[in-house]
Amino acid sequence: MSDNEKTYKAAVIGDQDSILGFNALGIDVFVQERPDAASRIIDELADGGYAVIFITEPLAEQIRDKLAYYRDKKIPALVPIPSVRGDTGMGMQQVKDSVQKAVGIDILGIDT
């Protein structure tokens, strides 16, 4: 690897039952259910070379301001994922909004 190539990491934040399996994939796991602590962890990970941070939807719903802050930044990408408690639709809504922003219309036609 040359000096110009940078290695980025991936992390996941959420309740233990929802995220523990990500450890087997080589993704750093941060068990946290408190919004204030999760928000601090995101800031630390953003400064620590993490390019992608998955966050369970129930937790992401509680820290929308933090997700909005990082939305227009190059890295990290904050990606809501369903928890074991179910899917709130937040992740799919973000995909739909991003596609609509990029192309100017709703081409996905997904009801969220």
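A short reminder: the numbers here are calculations on the coordinates, not readings from a lab. On a predicted model such as this, the values are computed, not experimentally measured, just so you know. So basically every Cβ, Gly included, is an ideal-geometry build from the backbone, and we count neighbours across all protein chains shown.
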Taking amide H positions as placed 1.01 Å from N in the peptide plane, with prolines and chain starts having none, which residues 5 or more places from TYR50, or on another chain, fall under 5 Å of its amide H?
-> LYS9
At what distance in nm do the modelled label points of ASN23 and ASP65 sit from each other, each positioned 7 Å from its Cα along Cα→Cβ?
-> 3.3
Mind listing which chymotrypsin sites (Phe, Trp or Tyr not before Pro) in region 1-52 are in a DSSP loop and have 16 or fewer other Cβ atoms within 10 Å?
-> TYR8
Counting only C-alpha contacts under 8 Å and six or more residues apart, can you give the relative contact order of region 1-84 as a whole percent?
-> 32
